[in-house]
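Presented below is the structure to which this report refers.
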Amino acid sequence: MADTLDIAKLTKKERLDLIGELWDSLAPEDVQLSPEQEAELGRRMATFKADAKAGIAWDEFKTELKKQFR
């Protein structure tokens, strides 16, 4: 690498943006889950499918959360 990036000089927002860009640059097949992660994902999906109507929209959740911490 001829050009290097001094991450320490980046702002927090710039570092978070960089993380996002790096993550987005990966294809799904580039990210492999461990057997434990696969099992946990399966467990969570089964829980969700068993009672999908119990969930709420993200905006509704944020509103409720803000009410609790006022």
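The values are calculated or read from the model by the stated rules, or taken from the named source; none is laboratory data. No experiment lies behind these values; they were computed from the predicted model shown. Because the Cβ atoms are built from the backbone with ideal geometry, glycine has one as well, and the counts that use them run over all protein chains shown. Only protein heavy atoms, including side chains, enter the accessible area calculation; ligands, DNA and RNA are left aside. Shrake-Rupley method; radii C 1.70, N 1.55, O 1.52, S 1.80 Å.
Before moving on, here are some points about what is shown:
- In a residue-by-residue description of segment 33-48, the property of being under 18 Å from the mean Cα position of the chain (by Cα), surrounded by fewer than 10 Cβ atoms within 10 Å (Cβ to Cβ) and among the hydroxyl-bearing types (Ser, Thr, Tyr) applies to at least one position.
- Being in a helix (DSSP H, G or I) and free of Cβ contacts under 8 Å to residues at least 12 places away in the same chain is a property that holds for Arg44.
Residues checked against (1) among the aromatic types (Phe, Trp, Tyr); (2) more than 17 Å from the chain's Cα centre (by Cα); (3) modelled with pLDDT under 95:
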{"position": "Thr11", "(1), (2), (3)": "no, yes, no"}
{"position": "Leu26", "(1), (2), (3)": "no, no, no"}
{"position": "Val31", "(1), (2), (3)": "no, no, yes"}
{"position": "Lys62", "(1), (2), (3)": "no, no, yes"}
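- Test: Leu5 is outside any helix (DSSP H, G or I), touching a helix residue (DSSP H, G or I) at 6+ places or on another chain (Cβ under 9 Å) and either open to solvent by less than 100 Å² (accessible area, probe 1.4 Å) or not small (Gly, Ala, Ser) (or both): yes
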